[in-house]
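Below: the structure, in structure tokens.
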Amino acid sequence: MRNKFKRNQAPWEFVEKYYKDDLAERHSVESKWAFRWFREVRGPNVLSWGCGPNFYDDALLFPNLPKEFVGVDLNKENIAFLKESTHSEVLRCKRVLEEHKTKISLSIGDIRERQEKFLNRFNTVYAIGVLGMFKEDKLNKLLKLAYSYLKTGGRLIDVDWTDCRLPKEKYEERENYEWYSKQGPGIQRIGELMRNNGFKTVKQGIYIVRDPMEYGWGKIYAFVAEKSA
Ligand SMILES: C[S@@+](CC[C@H](N)C(=O)[O-])C[C@H]1O[C@@H](n2cnc3c(N)ncnc32)[C@H](O)[C@@H]1O
């Protein structure tokens, strides 16, 4: 069994730095490529798995703001950051969602654990920089869960960074916080697992990074998969 006490929780400073670094990179070709996939989010009920500190910002990239927006994350400071940060961009995005009367639900939790209340509830389940870190058996279980949480015709969107070139220390820090791990299967295998679990691939893409050592990653990939009838 997984030792829940072995890893460390990411501290607020790490979460805040991650948010600020992402914000500073927003106009890079890599971020723009990743953001394109947010336009594939559909429907009023949306679940973000491993939502991290970008949860509110993500929603402003959807084609339509959701009516219900649920975020789950294992690192409690991500949820604290979303609730308590006074960063102007966090507050701006939060305000847009409030004005739209989006019902927000944030919780600390492990996406590997089944939530009865999520069954057949969502039009979209999305995970950005999350699914690719899990070993094949765990990923397979996650895909089954995503399938069960989606309404028929609903979408699973996975955007992930792979071919990790982060410096050793940075990688180890992320692994320790369960923020990222190199243990996941390859891109092609992830597509196969989706199909084996009943998903139909609607769109997929791979972006080859021009300067992997500078960026820290060699590839970004994305899948939009549908729970067909
Ligand atoms: C690379 S970060 C991505 C965060 C965010 N999705 C984004 O796009 O910025 C990975 C996130 O997955 C979360 N995470 C990792 N394992 C998890 C699990 N088993 N259950 C819930 N969240 C998890 C981490 O806490 C972290 O917020």
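Mind telling me which of the residues GLU30, GLU68, GLU113, GLU40 ends up being under 18 Å from the mean Cα position of the chain (by Cα) and either among the aromatic types (Phe, Trp, Tyr) or within 11 Å of the ligand (Cβ to nearest atom) (or both)? Working first, answer last.
Numbers: GLU30 fails: either among the aromatic types (Phe, Trp, Tyr) or within 11 Å of the ligand (Cβ to nearest atom) (or both); GLU68 fails: either among the aromatic types (Phe, Trp, Tyr) or within 11 Å of the ligand (Cβ to nearest atom) (or both); GLU40 fails: either among the aromatic types (Phe, Trp, Tyr) or within 11 Å of the ligand (Cβ to nearest atom) (or both).
None of the others qualify; the one that does is GLU113.
What's the number of the condition TYR147 fails, among (1) within 14 Å of the ligand (Cβ to nearest atom); (2) within 25 Å of GLY184 (Cα to Cα); (3) touching a residue at least 60 places away in the same chain (Cβ under 8 Å); (4) not hydrophobic (A, V, I, L, M, F, W, C)?
(1)
May I ask you to list the residues in region 116-134 that are more than 16 Å from the chain's Cα centre (by Cα) and either part of a loop (DSSP other than H, G, I, E, B) or exposed (fewer than 12 other Cβ atoms within 10 Å of the Cβ) (or both)? Don't jump to the end; show me each part of the working.
So the first thing to find is which residues in region 116-134 are more than 16 Å from the chain's Cα centre (by Cα), and the list is 116-121.
Selection gives GLU116, LYS117, LEU119, ASN120, ARG121.
In this structure, does VAL46 turn out to be over 25 Å from ARG155 (Cα atoms), touching a Pro at 6+ places or on another chain (Cβ under 9 Å) and either away from the ligand (no atom under 11 Å from the Cβ) or without any contact (Cβ under 8 Å) to a residue 40 or more places away in the chain (or both)?
Values: over 25 Å from ARG155 (Cα atoms): no; touching a Pro at 6+ places or on another chain (Cβ under 9 Å): yes; either away from the ligand (no atom under 11 Å from the Cβ) or without any contact (Cβ under 8 Å) to a residue 40 or more places away in the chain (or both): yes.
For VAL46, the condition - over 25 Å from ARG155 (Cα atoms), touching a Pro at 6+ places or on another chain (Cβ under 9 Å) and either away from the ligand (no atom under 11 Å from the Cβ) or without any contact (Cβ under 8 Å) to a residue 40 or more places away in the chain (or both) - is not met.
When you scan region 157-164, do you find a residue that is more than 22 Å from SER48 (Cβ to Cβ), touching a Pro at 6+ places or on another chain (Cβ under 8 Å), in a strand (DSSP E or B) and at pLDDT 95 or above, even just one? Give the derivation first.
As a first pass, look at region 157-164 and keep what is more than 22 Å from SER48 (Cβ to Cβ): 163-164.
Subset that is touching a Pro at 6+ places or on another chain (Cβ under 8 Å): 163.
Going one step further and asking which of them are in a strand (DSSP E or B), we end up with 163.
Now narrow it down to the ones that are at pLDDT 95 or above: 163.
Checking region 157-164: at least one residue is more than 22 Å from SER48 (Cβ to Cβ), touching a Pro at 6+ places or on another chain (Cβ under 8 Å), in a strand (DSSP E or B) and at pLDDT 95 or above.
Scan region 49-99 for residues that are among the β-branched types (Val, Ile, Thr) and free of Cβ contacts under 8 Å to residues at least 12 places away in the same chain and jot them down. Walk me through it before giving the result.
Residues of region 49-99 among the β-branched types (Val, Ile, Thr): 70, 72, 79, 86, 90, 96.
Residue satisfying the conditions is THR86 alone.
Could you check ASP57 against (1) near the ligand (Cβ under 10 Å from one of its atoms); (2) farther than 22 Å from LEU97 by Cα and say which number it fails?
For ASP57, the exception is condition (2).
Looking only at region 55-111, how many residues end up being assigned to a loop (DSSP other than H, G, I, E, B) and hydrophobic (A, V, I, L, M, F, W, C)? Give the derivation first.
Narrowing region 55-111 to residues assigned to a loop (DSSP other than H, G, I, E, B): 60-67, 74-75, 85-87, 100-102, 109-111.
Still in the running and hydrophobic (A, V, I, L, M, F, W, C): 60-62, 65, 74, 111.
The qualifying residues number 6.
The values are calculated or read from the model by the stated rules, or taken from the named source; none is laboratory data. Computed from a predicted model, the values in this text were never measured in an experiment. Cβ: placed from backbone, ideal geometry, glycine included. Neighbour counts: every protein chain shown.
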